[in-house]
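Computed from the coordinates by the stated procedures, all read-outs in this text should not be read as laboratory data. Since this is a predicted model, take the numbers as computed values, not measurements. A quick note on method: Cβ atoms are made from the backbone with ideal geometry, for glycine too, and the neighbour counts reach across all protein chains shown.
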Amino acid sequence: MRGKPSKIAAGFSVAIVLASMGFAFFTNTATSAIPRSKALQGAKQSVHGDTNILLLGLDSRRDANGADLPRALLDLMHVGSTSSVGGYNTNTMIVIHIPANGSAATAISIPRDDYVNVPGLGMKKIKEAYGYAKYAEDMKLYKAGVKEPQREHLAREAGRTATIGAITALLNIPIDHFAEVNLVGFYDLATALGGIQVCLNHAVNDSQYSGAVFPAGLQTIYGVDALKFVRQRHGLPNGDLDRTHRQQAFITGVITKFRSQGIFGDLGKLQALLNVAKKDVVIDSGWDVLGFLPQAKALTGGHITFHTLPIEGYVMRNSQSVNLIDVAKVRKFTKDIFFPPKPTPKPTATGTSSTAPKPKPKPSKINYANLANGKAVDGGTIPCVN
């Protein structure tokens with residue numbers, strides 16, 4: 001719809017997080033090899049045992065040390081031929097809320113073009129917080145004589161801090177943990193997982209941009225095709241918002257695979273995913289993956305509902321098309337999703353009271369109806385999306 005195509009899906013982060021927790025059954029030292037970030041140090045944390053996890057998809061054609069990805073790999077992934085494409089935008093931002101009481105998890109996708117106040121940077125598209133902060137820090141470090149790859153690592157920390165700050169301020173909630181994955185990481189993960197089930201309402205042909213060419217209906221996608229599936233926005237009725245639903249559908253497919261194929265009990269599969277995590281993922285330094293295991297297992301039970309933040313429309317700002325939002329409405333939407341109000345007693349004809357819970361906002365428009373061939377391998381239903 002607007003801006004450059006996204007190249008990442010948060011399903012990667014979900015799978016890596018789940019794989020890391022599962023591997024912790026056998027060895028906690030293995031997960032210590034996953035790169036860590038200090039971006040959350042000193043940040044406010046959730047109370048009463050709730051957990052908010054931020055999943056970030058970083059749109060960059062550079063590796064963790066700032067080196068360009070191989071041209072052959074970029075061509076294979078159909079993502080442009082230079083490292084300058086995409087910059088350091090966070091084109092995927094999903095917050096998962098896991099209640100302490102064991103009730104169902106909920107997740108909120110943040111549209112990448114939402115026009116927000118980024119602390120210290122002013123009004124920007126929320127996806128740009130990372131890149132602007134990274135660039136400013138990189139210039140300071142360069143003038144101070146800091147060499148690569150240390151300069152790249154430190155500058156990315158500034159980008160993460162700015163992004164987390166922008167999301168925290170927008171939603172008015174704390175972020176307890178985060179996982180960040182780069183472009184090549186999704187390709188590596190999709191290959192390691194060996195295929196994910198997805199379903200499309202209609203056949204698509206976006207060979208010019210994302211490279212996505214798929215028939216309608218239930219299908220299993222692998223490697224590069226999985227990347228194309230979550231990248232596509234051209235030719236979709238709602239552009240970027242439909243792509244957000246693609247990301248949510250892919251996460252559902254990942255969780256279904258973990259639940260149905262016993263990946264937690266397969267050391268070989270866990271090791272393969274952990275190898276991807278060590279190369280392509282960054283998580284916060286305070287994340288005790290072994291302690292998080294019970295919550296990770298709950299996620300694979302399929303008890304998670306996805307929502308997308310509301311927007312008010314599209315406007316032009318600084319020669320860019322952006323999503324206009326109502327911050328108060330966004331915060332109320334988030335609060336109602338993550339912390340639904342308790343039911344209030346209502347008088348009845350007999351003088352006693354009854355409770356009627358207030359409805360939550362409706363989830364993202366994903367068709368979960370049973371399809372003719374839409375059954376997942378475990379008997380569940382794969383969501384069909386545009």
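Results, tabulated for the structure shown:
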{"read-out": "Full-stretch length increase - ALA104, GLN208 - with 0.36 nm per residue and alpha-carbon distance subtracted", "value": "33.5 nm"}
{"read-out": "FRET E, pair LYS44, PHE339, Förster distance 25 Å, beta-carbon r, rounded to 0.05", "value": "0.95"}
{"read-out": "Förster-model FRET efficiency, 30 Å R0, ASP288 and ALA169, C-beta, rounded to 0.05", "value": "0.70"}
{"read-out": "Label-point separation in nm, ARG36 to TYR314, each point 7 Å along Cα→Cβ", "value": "4.4 nm"}
{"read-out": "Pair MET123, ASN275: separation of 7 Å Cα→Cβ label points (nm)", "value": "5.0 nm"}
{"read-out": "Trypsin sites (Lys or Arg not before Pro) within region 98-177: DSSP coil, no more than 15 neighbouring Cβ in 10 Å", "value": "LYS147"}
{"read-out": "Additional length obtainable on full extension of the chain from LEU324 to HIS234, 0.36 nm per residue less Cα span", "value": "30.3 nm"}
{"read-out": "Spin-label pair VAL224/MET139, simplified geometry with 7 Å Cα→Cβ offset, distance in nm", "value": "3.8 nm"}
{"read-out": "Contour excess over end-to-end distance, with Cα ends at ALA67 and LEU154 and 0.36 nm allotted per residue", "value": "29.8 nm"}
